[in-house]
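The values are calculated or read from the model by the stated rules, or taken from the named source; none is laboratory data. Computed from a predicted structure; not experimentally measured. All Cβ positions, even for glycine, are placed from backbone atoms using ideal geometry, and neighbour counts span all protein chains on display.
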Amino acid sequence: MKTIKRKQQLAGWGFLLPASILIAIMSFYPIIQAIFMSLKTGSSANLQWANPLTYNYTRMFKDALFLRSVGNTFLYLIIQVPIMLILAILLAQLLNNKDLKFRGLFRTMVFLPCATALVSYSLIFKSLFATQGLVNTILVNLGIFETNYNFLGNTNSARAIIIIALIWRWTGYNMVFYLAGLQNIEYSVYEAAKIDGANSWKTFWKITVPLLKPTIIMTVIMSINGTLQLFDESVNLTSGGPANSTITMSHYIYNNSFGQGVANFGYASAMSFFVFILVAILSRISMKVGDKRD
Amino acid sequence: MKKKLLSLMLAGALAVTAFAGCGSSSSGSDSSSDSSSSDTASESTDDENTLTVYAWDANFNIPALKAAEAAYQEKNPDFVLNIEEQSQSSDVEDAVTLAGSSGDYSTLPDIVLFQDHYIQKYVADYPDAWNTMADADIDWSDFGAEKLSYSTVDGVHYGVPVDNGTVIFAYRVDILEECGYTMDDVTGITWDRFIEIGKDVYEKTGKYLLSMDGDGNDLPYMMLQAEGASQFNEDGTPNLTSDTVKDIVDVITRMSQENVLYLANDWSDYTDQTIMGDMVAGVMNGNWIIPTIEQVEANSGKWEITTMPTLSGEEGYASNGGSSLYITSNCSNVELAQDFLAYTFGGGEGAIATYDSALTDGGVITCCLSAGESEVYQQGVAYFNDQAIYSKIVEMGGNVKTVTQSDYHYSARSLVAAAIININQGAELDSELASAQEQLEFEMGL
């Protein structure tokens, strides 16, 4: 008896081992190396311990461009994430309606943007909103604009377009989680509420939202995490411009390690850890806020 | 039953995508092992007549290298030049960064083509990656001093110049005529006069007289060089708040506000929309922009080139972009590499043959003065109204003033470009340049 259990245990560990070793070598080891690297400065052929050790970490808070990229990222976070999640939950509610015709078709259509690759949809948005692009042509021909407007060349419109693009791309993705969550809510609960005379507004806030809470927390954390690591849109849609007004943290980190001929790996690693800490803190906060069990 | 079928199909799709993933990754490792095997071939000493080189443009510098190979085969019939095409210039930079970061230079080819503005930083950051050209048999006085200033570090020659980045100002002669101007009216003028003409041209034809990529804005650098000024002091510290810089940024912002200059959002907007989309009556950039201008066949014969305007009204000369060939420390046959480069691109016996075919096949214009005297250079070019533009460009290249270069050229460029965009959106010139200066000092760790 004991030997069989032992054998099973051994087999279990045996199955775990390859994946664990790979993760340790491919993920954990580089992470640890990056911690050391973030404490060093100099060219990548000749990295020296920074003096003082925290040099890279204090340096980033004096870097106007980095602070601007943090500001931009938080701007996206504060504006885009709430709009996207509210839209997603409304769409999920609509598409969960049992009487709706062509439900499958609509669900597919809303989810479809997620099937497009990040780079390709960024490039499509870029050509849509180009000065000679489709949107400008339509607006000028409708007489709304007199001349073509340089959407991507002006700070506020460029930021707005990034936010619009993000909402288009990710709303369907979050909607699917809400749909799955909604399907787990028993219909009898709604029936009971109806019998007690609750209108649909009340049902939504008193039943749907509380019962969806785990899903909402998960999507909030995922959205925060995704937005803080936003990269493709900034690089491909606006290339951080105009005048760095749409650059994100990840884009700036990339520029410091591979862009523009500077291989400033120490500083880039330090900034990456700053993002890591931010994600950890924000996720912790949203979990605390959402979790009222005790 | 139906559900089973569906799940089977889904599982199948999953498996296919998983395999597709494997396929692409394994093909990736294949290509890397390919290149490493060819590298080992170049390392091995049993083949004494083969050199490997990285270059990136199949329409421009690769034909030049093929021309050099053919020319050197006159001297050494067994010689083989193994050209490995990279998709873009930054691939070469990344290859050096990678080799330097890992401390293993054996992954590098014998020779690399390298962008001029980056090489100083790469020599400083990765000193072990390079072999110098100090012992090569090259008459350096045969090259423009400005071009050599990039590939010379602390008085030691590291590279052999390939193409010439001399700035041309190309105008549409027909549009100028329509507005009552000739080429003489736009040669040797001040920028203020240029703005007057540009306003006139825009009013009469709706075309801008100049365009530029507003994100990677090369105008400040070129205009400063034409004044003999730099964005950097001689000791290497940034100098973005000098009066000359202020005057030039002021000219640029006035130009764009008066519809003389169109600042595109990015590089492809600049080439595809403004130049190939026929939005402009003038193009000013390094002469490598000529193939882009020539894309519009309908305008053949309507262009001519001349020098740049300056603040004072003298004829302006500048240079932008360009690249040189460098021997890496991984080269096992340095003598052969040096001899090859000296014989061909370095102005040796094979130089005329090399540069003539490089010009006809790839449009690469030499900065080797003696090679520029060959007959091919004297011929008129139909697209440019039969003007002998190539000899003119070589001649103009000799007049370019040497200005202080810096490892932080591109940082300065993007900061000044950002300042110009902000000024156009209403910010103050002085404060924007001051903050650009501050940020650049920060990036340089000053």
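The table below gives the values:
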read-out: Residue within segment A:159-167 that is among the small types (Gly, Ala, Ser) and touching an Asp or Glu at 6+ places or on another chain (Cβ under 9 Å) present; value: yes
read-out: Residues within segment A:34-62 that are part of a helix (DSSP H, G or I), without any contact (Cβ under 8 Å) to a residue 60 or more places away in the chain and within 12 Å of chain B (Cβ to nearest Cβ), tallied; value: 3
read-out: Given (1) within 14 Å of chain A (Cβ to nearest Cβ); (2) at pLDDT 90 or above, index of the condition B:Phe194 fails; value: (1)
read-out: Tally of residues being out of contact with any Lys or Arg (no Cβ under 8 Å at 6 or more places or on another chain), in a loop (DSSP other than H, G, I, E, B) and under 16 Å from B:Asn399 (Cβ atoms) across segment B:358-373; value: 3
read-out: Matching option when the condition is within 17 Å of B:Ile305 (Cβ to Cβ) and within 14 Å of chain A (Cβ to nearest Cβ), among B:Ser211, B:Ser256; value: B:Ser211
read-out: Residue under evaluation B:Val92, criteria (1) surrounded by fewer than 22 Cβ atoms within 10 Å (Cβ to Cβ); (2) within 14 Å of chain A (Cβ to nearest Cβ); (3) of a type in the set (A, V, I, L, M, F, W, C), criterion not met; value: (1)
read-out: Residue list for segment A:62-93, filter: touching a Phe, Trp or Tyr at 6+ places or on another chain (Cβ under 8 Å), over 21 Å from A:Pro214 (Cβ atoms) and not aromatic (Phe, Trp, Tyr); value: A:Lys62, A:Asp63, A:Ala64, A:Leu65, A:Leu67, A:Ser69
read-out: Condition check for B:Asp272: surrounded by 21 or more Cβ atoms within 10 Å (Cβ to Cβ), within 14 Å of chain A (Cβ to nearest Cβ), under 21 Å from A:Gly240 (Cβ atoms) and within 22 Å of the chain's Cα centre (by Cα); value: no
read-out: Single unsatisfied condition, B:Thr253 versus (1) crowded, with 23+ Cβ neighbours inside 10 Å; (2) assigned to a helix (DSSP H, G or I); value: (1)
read-out: Any hit, segment A:187-204, residues being at negative phi, of a type in the set (Phe, Trp, Tyr) and crowded, with 16+ Cβ neighbours inside 10 Å; value: no
read-out: Count of segment B:379-433 residues which are away from chain A (no Cβ under 12 Å) and part of a helix (DSSP H, G or I); value: 16
read-out: Single residue of B:Ala427, B:Ala434 found to be surrounded by fewer than 20 Cβ atoms within 10 Å (Cβ to Cβ), more than 26 Å from the chain's Cα centre (by Cα) and modelled with pLDDT of 90 or more; value: B:Ala434
read-out: Output for segment B:304-330, where each listed residue is assigned to a loop (DSSP other than H, G, I, E, B), at pLDDT 85 or above and surrounded by fewer than 24 Cβ atoms within 10 Å (Cβ to Cβ); value: B:Thr307, B:Leu311, B:Ser312, B:Gly313, B:Glu314, B:Glu315, B:Tyr317, B:Asn320, B:Ser329, B:Asn330
read-out: Options B:Gly236, B:Gly282: the member that is within 25 Å of B:Ser435 (Cβ to Cβ), more than 14 Å from chain A (Cβ to nearest Cβ) and in contact (Cβ under 8 Å) with a residue 24 or more places away in the chain; value: B:Gly236
read-out: Failed criterion for A:Phe28 (all others in (1) surrounded by 12 or more Cβ atoms within 10 Å (Cβ to Cβ); (2) without any contact (Cβ under 8 Å) to a residue 12 or more places away in the chain; (3) of a type outside the set (Val, Ile, Thr) hold); value: (1)
read-out: Residues (in contact (Cβ under 8 Å) with a residue 60 or more places away in the chain and within 9 Å of chain B (Cβ to nearest Cβ)) located in segment A:250-287; value: A:Ala263, A:Phe265
read-out: Among the residues listed as B:Gly301, B:Gly216, the single one being assigned to a loop (DSSP other than H, G, I, E, B) and within 14 Å of another protein chain (Cβ to nearest Cβ); value: B:Gly216
read-out: Some residue of segment B:136-143 being modelled with pLDDT of 85 or more, touching a helix residue (DSSP H, G or I) at 6+ places or on another chain (Cβ under 9 Å) and surrounded by 15 or more Cβ atoms within 10 Å (Cβ to Cβ); value: no
read-out: Qualifying position, being touching a residue at least 40 places away in the same chain (Cβ under 8 Å), more than 14 Å from chain B (Cβ to nearest Cβ) and either in contact with a Gly (Cβ under 9 Å, 6 or more places away or on another chain) or not small (Gly, Ala, Ser) (or both), among A:Arg107, A:Arg103, A:Arg68; value: A:Arg107
read-out: Residue match in segment A:144-152 (condition: crowded, with 19+ Cβ neighbours inside 10 Å and farther than 25 Å from A:Ile224 by Cα); value: yes
read-out: Cβ pairs under 9 Å, 6+ apart, first in segment B:96-111 and at the interface with another protein chain (Cβ under 10 Å from one of its Cβ atoms), second surrounded by 18 or more Cβ atoms within 10 Å (Cβ to Cβ) and acidic (Asp, Glu); value: B:Val96/B:Asp125; B:Thr97/B:Asp125; B:Gly100/B:Asp125
read-out: Hits in segment B:116-126 (condition: more than 8 Å from chain A (Cβ to nearest Cβ) and under 22 Å from B:Leu51 (Cβ atoms)); value: B:Asp116, B:Ile119, B:Val123
read-out: Hey, B:Glu84 free of Cβ contacts under 8 Å to residues at least 60 places away in the same chain and either over 30 Å from B:Met284 (Cβ atoms) or away from chain A (no Cβ under 14 Å) (or both) or not; value: yes
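Each row is one residue, and each column tells you yes or no for (1) of a type in the set (A, V, I, L, M, F, W, C); (2) touching a strand residue (DSSP E or B) at 6+ places or on another chain (Cβ under 7 Å).
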| position | (1), (2) |
| --- | --- |
| B:Met308 | yes, yes |
| B:Glu314 | no, no |
| B:Gly321 | no, yes |
| B:Gly346 | no, yes |
| B:Tyr355 | no, yes |
| B:Gly362 | no, no |
| B:Cys367 | yes, yes |
| B:Gly372 | no, no |
| B:Phe384 | yes, yes |
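Residue by residue, here is whether (1) aliphatic (A, V, I, L, M); (2) within 30 Å of B:Trp267 (Cβ to Cβ); (3) more than 13 Å from the chain's Cα centre (by Cα) holds:
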position	(1), (2), (3)
A:Asp196	no, no, yes
A:Lys206	no, no, yes
A:Ile216	yes, no, yes
A:Thr219	no, no, no
A:Pro242	no, yes, yes
A:Thr246	no, yes, yes
A:Phe258	no, yes, yes
